[in-house]
Amino acid sequence: MSNVTVDEIQRDPLKYLQRVEAGEVLVIIRSNKPIAELRPIASSKQLRPFGLCAGEFTVPDDFDAPLPEDLLSAFEGK
């Protein structure tokens, strides 16, 4: 964790954003008092593992069979 003044960030914001992007945490100070913390965003995009629900349900043999006419009519509002 590094301390950085507001003036330093205003002079070269890209430099400090690159440091944060690389994983560094910056404490922004003004008048020798910490006012903010700039840190990288934790990646929340984690892939779900394959087979997460394996064995919890089975697909019936007639899964893709046509629906009965009365059920089709109900879906179509007839």
Solvent-accessible heavy-atom area per residue, rounded to whole Å², over the chain at 1.4 Å: 93 Å²
Whole-percent carbon and sulfur contribution to the accessible surface of the chain (1.4 Å, no ligands, DNA or RNA) stands at 55 percent
Full extension from residue 50 to residue 63: what is 0.36 nm times the residue separation minus their Cα-Cα distance, to one decimal in nm? 2.5 nm
With viscosity set to 1.002 mPa s and temperature to 20 °C, compute the Stokes-Einstein D of the chain, Rh being the Kirkwood radius across alpha carbon pairs; µm²/s, no decimals. 118 µm²/s
For residue 78, the lysines lying under 17 Å Cα to Cα, once residues fewer than eight places off in the same chain are dropped, come out as none
Only Lys, Arg (+1) and Asp, Glu (-1) charged, at Cβ; the chain dipole about Cα centre in debye: 1000 debye
So, with points 7 Å from each Cα along the Cβ direction, the residue 17-residue 3 label distance in nm works out to 2.6 nm
Note down the relative contact order for the chain as a percent, whole number, built from C-alpha pairs under 8 angstrom at least six residues apart. 22 percent
At a 1.4 Å probe radius, which order do 39, 11 fall into by accessible area, largest first? 11, 39
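The values are calculated or read from the model by the stated rules, or taken from the named source; none is laboratory data. Since we're looking at a predicted model, the values are computed, not measured. Note that we place each Cβ from the backbone using ideal geometry, even for glycine, and neighbour counts take in every protein chain shown. Accessible surface areas use protein heavy atoms only, side chains included; no ligands, DNA or RNA. Shrake-Rupley method; radii C 1.70, N 1.55, O 1.52, S 1.80 Å.
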